[in-house]
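Asker: Dropping a structure here in structure tokens format, bear with me for questions.
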Amino acid sequence: MGLILRLIVAAGLAADAIVHWMFASDMAYVQGGSIDGDLLFRVQAAVAGVVAVIVLTYGSRWAHALAFLVAASAAGAVVLYYYVDLGALGPLPDMHEPVWYMEKTVSVVGEGGAALAALAGFFVAGRGRRREDDGAYEPEPVGRF
């Protein structure tokens, strides 16, 4: 179960990374804020990619928690900026985009799926098992495949 959840998280974060990397250059001219939209998209792509590797490599509770934060914040931002024009928020540019297209769907489905799988993985990774001989708690090993 843990490996399947890790693969779902990694796949969702990979979709997030690919879509953000592909559209980074289109965001270069977004107005407002001191951080350019293309830089913001490239950073999101890099963070999602690195966290996907971390989840695949370690599969620990902290890795799943980190993946949840990255995926849920990205999915929340997509939905928020679709419905609400917040303007520039501090250093962030005005990312309001009230149109929906296939790549945005791929991104939000990947991010949402990754967030849900990471949340489930957080609880699965924390489980252990009891040793049969004395009933003591023994953490379940997390292998690297």
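Asker: Go through the residues of region 91-105 one by one and say whether even a single one is in contact with a Gly (Cβ under 9 Å, 6 or more places away or on another chain), of a type in the set (A, V, I, L, M) and assigned to a helix (DSSP H, G or I).
Answerer: So in region 91-105, the residues in contact with a Gly (Cβ under 9 Å, 6 or more places away or on another chain) come out as 91-96.
From what is left, the residues that are of a type in the set (A, V, I, L, M) are 92, 95.
With assigned to a helix (DSSP H, G or I) added as a condition, the list becomes none.
No - not one qualifying residue is present in region 91-105.
Residue-wise test of (1) closer than 15 Å to Val78 by Cα; (2) over 15 Å from the mean Cα position of the chain (by Cα); (3) modelled with pLDDT under 95.
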position	(1), (2), (3)
Ala24	yes, yes, yes
Ile35	no, yes, yes
Ala45	yes, no, no
Val51	no, no, no
Leu56	no, no, no
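Asker: Quick test for you: out of Val19, Val70, pick the one residue that is of a type in the set (Val, Ile, Thr) and under 17 Å from Leu119 (Cβ atoms). Steps first, answer last, please.
Answerer: Working: Val19 fails: under 17 Å from Leu119 (Cβ atoms).
Among Val19, Val70, only Val70 is of a type in the set (Val, Ile, Thr) and under 17 Å from Leu119 (Cβ atoms).
Asker: Go through (1) surrounded by 15 or more Cβ atoms within 10 Å (Cβ to Cβ); (2) in contact with an Asp or Glu (Cβ under 6 Å, 6 or more places away or on another chain) for Phe41 and report which single condition fails.
Answerer: So Phe41 meets the others, but not (2).
Asker: Still on this structure: Need the failing condition index for Tyr81 against (1) out of contact with any Pro (no Cβ under 9 Å at 6 or more places or on another chain); (2) under 21 Å from Gly37 (Cβ atoms); (3) part of a helix (DSSP H, G or I), just the number.
Answerer: Of everything listed in (1) out of contact with any Pro (no Cβ under 9 Å at 6 or more places or on another chain); (2) under 21 Å from Gly37 (Cβ atoms); (3) part of a helix (DSSP H, G or I), Tyr81 misses just condition (1).
Asker: Kindly indicate the residue of region 100-111 that is buried (at least 19 other Cβ atoms within 10 Å of the Cβ) and closer than 14 Å to Leu80 by Cβ and also nearest to the chain's Cα centre (by Cα) among those meeting that condition. Lay out the reasoning, then the answer.
Answerer: As a first pass, look at region 100-111 and keep what is buried (at least 19 other Cβ atoms within 10 Å of the Cβ): 107-108, 110-111.
Applying the additional criterion that residues be closer than 14 Å to Leu80 by Cβ yields 107-108, 111.
Working: Ser107: 10, Val108: 10, Glu111: 5 Å.
Per the criteria, the residue is Glu111.
The values are calculated or read from the model by the stated rules, or taken from the named source; none is laboratory data. Quick caveat: nothing in here was measured; it's all calculated off a predicted structure. Glycine also receives a Cβ, built like all others from the backbone with ideal geometry; neighbour counts cover every protein chain displayed.
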